[in-house]
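Below is one structure, written out as structure tokens; comments come after it.
The values are calculated or read from the model by the stated rules, or taken from the named source; none is laboratory data. If you're wondering where the values come from, they're calculated on a predicted model, not measured in any experiment. Ideal geometry is used to build each Cβ from the backbone, glycine not excepted, and the neighbour counts take in all protein chains shown. These accessible areas exclude ligands, DNA and RNA; they are computed on the full protein's heavy atoms, side chains included. Shrake-Rupley method; radii C 1.70, N 1.55, O 1.52, S 1.80 Å.
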Amino acid sequence: RYFTPRDDSTDYDEGTGRLYDQPSAKQRVVFRSFIRSFVDPGAAIPGNIISGNKSINIRYYNETAGDTWTINPTMVNQFSPFWTELDAANSAEALTSSGKPFCLSKYINVNELPGVCLIQGFHVLGDGFLSGFNDKSTEARTIWGFYDSLTKTVGKHSLSFGVNLQDQYAREQTTFPTTPILHFEPKYTGEGLSDFLVGDLYLMKQGAGEI
């Protein structure tokens, strides 16, 4: 079963800008900028802990430049530096019937980060249900570098030399698995949902967090 609190609604925008110049007969330069945005606000049904849709926020940036230099009739140099960044974030909250964030620590003796109320991989197997992993997560990935090539024509031959340099840095930050991950399985009453209703927990996992 899949519960959705609303019609799916997302905002998707992108734009491209380009500048071109030819400062001399032997040189041509260009600059291009590309930006993309994707936003899904997410939502949840009050009183239904498995209804939450994750909010997703993604930004993508790509900047590049190019320089083509005709050194002489038989030799051309092309140089292109670039920078790319991807920033993504997502999370979801379950709500109580009064519309407030659902916190496990208000109902059972578990620890949660201050101000963080999330449902994390809540399993009730058998004829039960399964929540998503709704931890707050962000990921930033940056790539930069340049391509440089030199082409030389010698008689009927074309010789190419060059270098490609690229560096990538990625960082992830998440609250996983600081929120308790609870599993109710058909081990005691024979039904996972019955075990959940009587409070017979099969497994709990929790950690100090991941950076």
| query | Which far-off residues, 5 or more places away or on another chain, put their amide H under 5 Å from the one on Ile71, with H placed in the peptide plane? | reply | Val76, Asn77
| note | Result for the chain: accessible area per residue, probe 1.4 angstrom, in square angstrom, of 63 Å²
| remark: Filtered pair list for the chain (Lys only, Cα < 26 Å, 8 or more apart or interchain) has a length of 13
| task | Amide H neighbours of Phe129 under 5 Å, at least 5 residues apart or on other chains, H built in the peptide plane: list them. | result | Val124
| message | Let me spell out the model: positive unit charges on the Cβ of Lys and Arg, negative unit charges on the Cβ of Asp and Glu, origin at the Cα centre of the chain. What dipole size does that give, in debye rounded to 20? | response | 740 debye
| request: Average the reciprocal distances over every distinct pair of alpha-carbons in the chain, invert the result, and give the Kirkwood radius in Å. | output: 21.7 Å
| remark: The percentage of the accessible area of the chain (probe 1.4 Å, all protein chains present) made up of carbon and sulfur atoms, to the nearest whole number, is 55 percent
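How high is the FRET efficiency between Asp11 and Phe34 when r is their beta carbon distance and R₀ equals 25 Å, given to the nearest 0.05?
E(calc), rounded to 0.05, equals 0.90.
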| Picking from Leu86, Thr175, Phe122, whose Cα lies most toward the positive end of the charge dipole for the chain (charges on Cβ: Lys, Arg +1; Asp, Glu -1)? | Leu86
| request: Note the full-extension length gain between Lys100 and Asn164 as 0.36 nm times their separation in residues minus their Cα-Cα distance, in nm to one decimal. | output: 17.8 nm
| field | Phi-based couplings in Hz for the stretch 159-174 (Karplus 6.51, -1.76, 1.60; Gly and Pro marked x) | value | 10, 10, 10, x, 9, 10, 10, 9, 10, 10, 9, 10, 9, 10, 10, 8
